[in-house]
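Student: First the structure, then my questions, so here it is.
Please treat every number below as a calculation from the coordinates, not as lab data. Keep in mind that what you see is a predicted model, and the values were worked out from it rather than measured. FYI the Cβ positions are ideal-geometry reconstructions off the backbone, even for glycines, and counts take in every protein chain you see.
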Amino acid sequence: KELSDKRPDLLVAHAYTRYLGDLSGGQILKKIAQRAMNLQSTKGLAFYEFNQIGDEQAFKNNYKVALDALPVTPEGAEQIVAEANVAFSLNMKVFQELETSFLKIAIRIVVNYFNGLGRFFNVSPSSAS
């Protein structure tokens, strides 16, 4: 709520995490969660279901085009990347509680997707810290 009131521009980072991250690396996290919680079906994993999106690759491409079109200053881009790192960390805390051996693999995959956000805004990961 505080972020939406004070810095709504930073919500782009959370949307990026949710849609591009969860559509990509999140599908691996879904499988990890399913195994870790011993779920026999996908019930309980609706967070990772994107039934409204017919063509995931087309959605990702269109989403990236929309991100590229945002009127963002270099400073704003750095702040968005930093906020994406916060969003990513919050999501990872959920999986740390699952204590699964697959976590390191999943983190590497998801981090690669988040590094892509910096490239969209021409920001290196080290400059966003």
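Student: For the pair GLU2/GLN96, report the inter-label distance in nm, with labels modelled 7 Å from Cα in the Cβ direction.
Tutor: Going from the GLU2 label point to the GLN96 one covers 1.9 nm.
Student: While we're here: What does the charge count near LEU20 come to, summing +1 for each Lys or Arg and -1 for each Asp or Glu among other residues with Cβ under 9 Å from its Cβ?
Tutor: Working: positive: ARG18, LYS60, LYS64; negative: ASP22.
Local charge sum for LEU20: +2.
Student: Continuing with the same structure: Please sort by residue number the trypsin sites (Lys or Arg not before Pro) in segment 21-97 whose DSSP state is loop and whose Cβ has at most 12 other Cβ atoms within 10 Å.
Tutor: Values: sites: LYS30, LYS31, ARG35, LYS43, LYS60, LYS64, LYS93; in loops: LYS43.
Answer in residue order: LYS43.
Student: Here is a follow-up. How about LYS60: which aspartates and glutamates have a C-alpha closer than 17 Å to its C-alpha, ignoring those fewer than 8 places off in the same chain?
Tutor: Candidates past the 8-residue exclusion: ASP22, GLU49, ASP68.
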